[in-house]
Amino acid sequence: MRAFLLALTISLLASSANADDPQLIIKDHKFQPERLEVPAGVKFRLMVRNNDPTAEEFESFQLNREKVVPPGKEIPVFLGPLDRGEYPFFGDFHQDTAKGVIVAK
Amino acid sequence: MLASLLIVFREMLEAGLVVGIVMAATEGLAGRTLAILGGIGGGVSGAALVAGFADVIAEAAEGVGQELFTAGILLAAVAMLTFHTTWMSRHGRKLASEIKDFGRAAVKGDKSLFALAAVVGLAVMREGSEVVLFLYGIAASSHESVGAMFAGGLIGLVLAAAVSYALYRGLLAIPMRHLFSVTNGMIALLAAGMAGQAAAVLAGADVIPSWGERLWNTSFILPDGSWLGRALHALIGYSAAPSGVQVAAYLAALALIVALARLAPDEKPKPKTASPLAETKVAAQG
């Protein structure tokens, strides 16, 4: 039980916001930055923040992720470990403008 | 208009395929149209509710509330579908022969009908909530007129319903005595796909281990984003680059459903009644 609580505490601490998490910001239905470099071979947490007044959905087929980002909110997307390469993503609700690519190096 | 048409069609196609299979699987059951319509209605209300609470759900559980919620919906649907296949493997043959003898829409299968109506509701709710968020976003930013948006959405919905109906009619071309075996098989694959997807979503949120981020990658043959990829994803759980735990959950669910269906004792079809007298005897027994 104690070990469990300890593990829980650690995992909760680990999941609280972290300054060095890579971040994407949605503004005017575009991602900033549109090209985001991340380290290959490690797990990381991508924070996606939506500064638009309407919802967006972060989606990537290559990364196998889709997640709604409500207006004014920031949500975590857990990724990796990724092989070196490029992983395109898009905003499902504004596919003509919201496009980007994650580059794992 | 085209944007809302495409997104509504895309999201509703998946729910529509589920509805098509469920319609074929409930062929001949009394009250099934009402039950399925009830499922769709409940799903639409649920979708509006989920969209309304999108920010609450998104921020719950340290930001993985959405994944937990989606996985919960998927697993509930898997449970309902498992119940249906087990029930059908026990009653299916009898049901098929009764439908042949007494005509369609005359046979009772209340429990199974309820389970499938719930599956329809869950599918519509899951896919529909995204449509609501999207359409609300367009209406709020109003780059295009609300009228054009709704027209596009309506066309998308009609197209998805048409695919759903085509699948249903196609399945009905199967002779009655084989129909429920086919729909049972399709429902087993549907359930396995949903179980795999639930596992993928949970692994994506780092709630469970992924057992390998991608076991293989067939996106150069059939990408997830293509129309065929999407349809197969909805029907049999196709995923171009599945994680280990996704494949494991898929196989485990499939094995469980097949095992339960095999274990369920088969109810033999009633012998054809030769005379009115024999028929009253059967009725009196029942």
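The values are calculated or read from the model by the stated rules, or taken from the named source; none is laboratory data. All of these numbers come straight from a predicted model, not from anything done at the bench. Reconstructed Cβ throughout: ideal geometry from the backbone, glycine too, with neighbour counts over all protein chains shown.
A few points about this structure:
- Residue that is of a type outside the set (Gly, Ala, Ser) and not in a helix (DSSP H, G or I), where the choices are B:Glu14, B:Glu62, B:Glu27: B:Glu27
- Of the residues making up region B:59-96, those that are β-branched (Val, Ile, Thr), crowded, with 22+ Cβ neighbours inside 10 Å and under 17 Å from the mean Cα position of the chain (by Cα) are B:Thr70, B:Val78, B:Thr85.
- Taken over region B:222-259, the criterion of being of a type in the set (D, E, K, R) and either over 17 Å from B:Arg10 (Cβ atoms) or in a loop (DSSP other than H, G, I, E, B) (or both) is satisfied by B:Asp224 alone.
- Selection of region A:44-56 for residues being surrounded by fewer than 22 Cβ atoms within 10 Å (Cβ to Cβ), farther than 22 Å from B:Ala203 by Cα and more than 7 Å from every other protein chain (Cβ to nearest Cβ) yields only A:Asn51.
- The lone criterion from (1) of a type in the set (A, V, I, L, M); (2) farther than 14 Å from A:Val103 by Cβ; (3) at the interface with another protein chain (Cβ under 10 Å from one of its Cβ atoms) left unmet by A:Ile26 is number (3).
- Residue list for region B:202-217, restricted to those being of a type outside the set (D, E, K, R), in a loop (DSSP other than H, G, I, E, B) and within 12 Å of chain A (Cβ to nearest Cβ): B:Ala205, B:Val207, B:Ile208, B:Pro209, B:Ser210, B:Gly212, B:Leu215, B:Asn217
- All of A:Glu59, A:Glu37 fail the test of being more than 8 Å from chain B (Cβ to nearest Cβ), part of a strand (DSSP E or B) and free of Cβ contacts under 8 Å to residues at least 60 places away in the same chain, apart from A:Glu59.
- Verdict on B:Gly128 being within 14 Å of chain A (Cβ to nearest Cβ), within 16 Å of the chain's Cα centre (by Cα), modelled with pLDDT of 85 or more and buried (at least 20 other Cβ atoms within 10 Å of the Cβ): yes
- In region B:138-160, residue modelled with the highest pLDDT [restricted to those that are under 18 Å from B:Met12 (Cα atoms) and either out of contact with any helix residue (DSSP H, G or I) (no Cβ under 6 Å at 6 or more places or on another chain) or loosely packed, with under 15 Cβ neighbours inside 10 Å (or both)]: B:Val158
- Some residue of region B:70-89 being among the small types (Gly, Ala, Ser), within 14 Å of chain A (Cβ to nearest Cβ) and part of a helix (DSSP H, G or I): yes
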